[in-house]
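Can you keep this structure in mind? I'll have questions shortly.
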Amino acid sequence: MGSEHSDAAHSDTPYTEGAEHDVSAAMALKILVAGGFGVGKTTLVGAVSEIRPLRTEEQLSELGQSVDDTAAVERKTTTTVAMDFGRITIRSGLSLYLFGTPGQDRFWFLWDELSQGALGAVVLADTRRLEDCFPAVDYFEHRSIPFVVAVNCFAGARAHGEQDVARALDLDTGTPVVLCDARKKDSGKEVLIRLVEYAGRMHTARLLDSVG
């Protein structure tokens, strides 16, 4: 299995000795990036990460052709088999640690481990094969993990509005749908900001409900 990682991995850890006594120590939040096979998860993590992203990818093989549908992603030659990892600083004192999940059914056993401690998730969607993101939507809804649906606007794909996508996916009322280009850092960062804001509201509401 091939992997890439930052040479500065040790210096990039979110905590340092004595940081627990420093009120200005940075806050690090865990975010998942999920969605169907070939929807752009690795691309999004790589585009926004300020460190060299960790990637665990394998070449697509003839043996995998029966389970990996590449009809809409003919140029795709690799697939994530464990996770992608990156980091982005949203503002001073707030960093997001991004964990891209594998898209194929046979790797879903990793999702439970990756979702532990996550603030929320981004579900990437491709309107040419919207059904591919249903499993991710169901997963996060059933576990009450806040998420936003980010429609990756591929060239040549028919344009759809946020409300149309929300209705097609039968999303719970209030679940954000945003349009994005996973290749562009600013676009990906806007998606992550929307998620942090939405997840913050959801967690605050749940906390108030629990003490009400």
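Quick check on my filter: what residues within the range 165-208 are farther than 23 Å from residue 29 by Cα, outside any loop (DSSP other than H, G, I, E, B) and open to solvent by 90 Å² or more (accessible area, probe 1.4 Å)?
167, the sole residue that qualifies.
Looking at the range 119-131 only, could you name the residues that are open to solvent by less than 60 Å² (accessible area, probe 1.4 Å) and among the acidic types (Asp, Glu)?
126
Condition test on residue 54, is it modelled with pLDDT of 80 or more, open to solvent by 10 Å² or more (accessible area, probe 1.4 Å) and farther than 19 Å from residue 136 by Cβ?
It is true that residue 54 is modelled with pLDDT of 80 or more, open to solvent by 10 Å² or more (accessible area, probe 1.4 Å) and farther than 19 Å from residue 136 by Cβ.
Looking at the range 155-173, is at least one residue touching a residue at least 12 places away in the same chain (Cβ under 8 Å), among the hydrophobic types (A, V, I, L, M, F, W, C) and under 24 Å from residue 55 (Cβ atoms)?
Looking through the range 155-173, none of the residues is touching a residue at least 12 places away in the same chain (Cβ under 8 Å), among the hydrophobic types (A, V, I, L, M, F, W, C) and under 24 Å from residue 55 (Cβ atoms).
Can you tell me which residues in the range 103-153 are out of contact with any strand residue (DSSP E or B) (no Cβ under 9 Å at 6 or more places or on another chain), more than 14 Å from residue 36 (Cα to Cα) and of a type in the set (A, V, I, L, M, F, W, C)?
109
Which count do you get for residues in the range 146-164 that are surrounded by 17 or more Cβ atoms within 10 Å (Cβ to Cβ) and over 19 Å from residue 40 (Cα atoms)?
Result for the range 146-164: 1.
The values are calculated or read from the model by the stated rules, or taken from the named source; none is laboratory data. Just so we're clear, the structure is a prediction, and the values are computed from it rather than from any experiment. Glycine also receives a Cβ, built like all others from the backbone with ideal geometry; neighbour counts cover every protein chain displayed. In case anyone asks, the SASA skips ligands and DNA or RNA and just uses the protein heavy atoms, side chains included. Shrake-Rupley method; radii C 1.70, N 1.55, O 1.52, S 1.80 Å.
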